[in-house]
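Asks: Here it is, the structure in full.
The values are calculated or read from the model by the stated rules, or taken from the named source; none is laboratory data. What you see is a predicted model, and the numbers here were worked out from it, not measured in a lab. Here the Cβ positions follow ideal geometry from the backbone for every residue, glycine too, while neighbour counts run over all protein chains shown. Only protein heavy atoms, including side chains, enter the accessible area calculation; ligands, DNA and RNA are left aside. Shrake-Rupley method; radii C 1.70, N 1.55, O 1.52, S 1.80 Å.
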Amino acid sequence: MTTMRRVLRLPFRWLGRPEGVVLFVAFVLVLAVTAFIELADEVVEGETRNFDEWLLRLLREPDNPRIPRGPVWLMEAAHDVTALGGRTALTLVVLIAMGYLGLDGKPGGMWLVVLAAAGGGLLSTVMKNLFDRDRPDIVPHMITVASPSFPSGHSMLAAVVYLTLGALLARFIVRRRVRVYVLTIALLLTLLVGASRVYLGVHYPTDVLSGWTAGLAWALVCWLVARYLQRRGKIEPPS
């Protein structure tokens, strides 16, 4: 029994080592990039249209597509949550994070946050213009939108900012429970913003999935960069 327990614990001990963590993050990064590429290819070829249309219709009343399913308060909540993925809210979040890191004596980390958020925003804009997918026209939009649909800008920017900040801030936090809490909140916010875009009828589900995968990939890249710079002494270590 003791031998079996030791064997089962080996993967967890390996992940606890610095090189194990880096390899695991790199593996997830490759998976995220691969998932985005596969998803983009299927969207371009039109293979996801049936699924996209089915889910959008599922979220509306069958006899009146102008009315989303669910209680009345859910629509108000969706409007509030989707705003958390807007540029105004995300800019405020980045400024707050900059203030925290600056006051905590971590100017290197502060500028890394700025570059990560700005780079992610630029990547989102380039990709939306590159694919130039039309917005869904199956159900009425519950809010006004104008930009291309793929990938979802709100979903991707939420992932870029919240997951990147969560990953970077976790690099400056010593206690494991606090790191888990920060990353969990970042992931939850990202998922809620993306789900709200589909519920409001302004994005296909595959738009949101692509935004999540691209944002996750960018967040992992930023985490690896932060780790590398910390080990080289370019930005401040956890304190």
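Asks: Quick one: which of 204, 199 is surrounded by 24 or more Cβ atoms within 10 Å (Cβ to Cβ), modelled with pLDDT of 90 or more and under 18 Å from the mean Cα position of the chain (by Cα)?
Replies: On the way: 199 fails: surrounded by 24 or more Cβ atoms within 10 Å (Cβ to Cβ).
Going through 204, 199 in turn, just one is surrounded by 24 or more Cβ atoms within 10 Å (Cβ to Cβ), modelled with pLDDT of 90 or more and under 18 Å from the mean Cα position of the chain (by Cα): 204.
Asks: Can you find even one residue in the range 26-45 that is crowded, with 17+ Cβ neighbours inside 10 Å, under 30 Å from residue 222 (Cα atoms) and at pLDDT below 90?
Replies: Yes, because at least one residue in the range 26-45 is crowded, with 17+ Cβ neighbours inside 10 Å, under 30 Å from residue 222 (Cα atoms) and at pLDDT below 90.
Asks: Further question: Could you tell me how many of the residues in the range 126-160 are at pLDDT below 90 and polar (S, T, N, Q)?
Replies: Residues flagged as at pLDDT below 90 and polar (S, T, N, Q) within the range 126-160 amount to 3.
Asks: Before we move on, is residue 215 in contact (Cβ under 8 Å) with a residue 60 or more places away in the chain and on the phi > 0 side of the Ramachandran plot? Working first, answer last.
Replies: Values: in contact (Cβ under 8 Å) with a residue 60 or more places away in the chain: yes; on the phi > 0 side of the Ramachandran plot: no.
In short, no.
Asks: Scan the range 100-128 for residues that are small (Gly, Ala, Ser) and open to solvent by 30 Å² or more (accessible area, probe 1.4 Å) and jot them down. Outline the logic, then answer.
Replies: Start the filter on the range 100-128 by keeping residues that are small (Gly, Ala, Ser), which leaves 102, 105, 108-109, 116-121, 124.
Passing the criteria: 102, 105, 118.
Asks: Could you list, ordered by first residue, the pairs with Cβ atoms under 8 Å in which the first is in the range 102-113 and within 16 Å of residue 232 (Cβ to Cβ) and the second is hydrophobic (A, V, I, L, M, F, W, C) and open to solvent by 30 Å² or more (accessible area, probe 1.4 Å), at least 6 apart or interchain?
Replies: 108/229; 112/225; 112/229
Asks: Something else: Among the numbered criteria (1) touching a residue at least 24 places away in the same chain (Cβ under 8 Å); (2) surrounded by fewer than 14 Cβ atoms within 10 Å (Cβ to Cβ), which one does residue 75 miss?
Replies: All conditions pass for residue 75, except number (2).
Asks: Do you know which residues across the range 79-98 are open to solvent by less than 30 Å² (accessible area, probe 1.4 Å) and more than 18 Å from residue 156 (Cβ to Cβ)?
Replies: Taking the range 79-98 and keeping what is open to solvent by less than 30 Å² (accessible area, probe 1.4 Å), we get 82, 85-86, 89-90, 94, 97.
The one that is open to solvent by less than 30 Å² (accessible area, probe 1.4 Å) and more than 18 Å from residue 156 (Cβ to Cβ): 97.
Asks: Could you say which residue among 174, 145, 139, 182 is without any contact (Cβ under 8 Å) to a residue 60 or more places away in the chain and either in a loop (DSSP other than H, G, I, E, B) or open to solvent by less than 10 Å² (accessible area, probe 1.4 Å) (or both)? Give the derivation first.
Replies: Numbers: 174 fails: without any contact (Cβ under 8 Å) to a residue 60 or more places away in the chain; 139 fails: without any contact (Cβ under 8 Å) to a residue 60 or more places away in the chain; 182 fails: either in a loop (DSSP other than H, G, I, E, B) or open to solvent by less than 10 Å² (accessible area, probe 1.4 Å) (or both).
Criteria check complete, one pass: 145.
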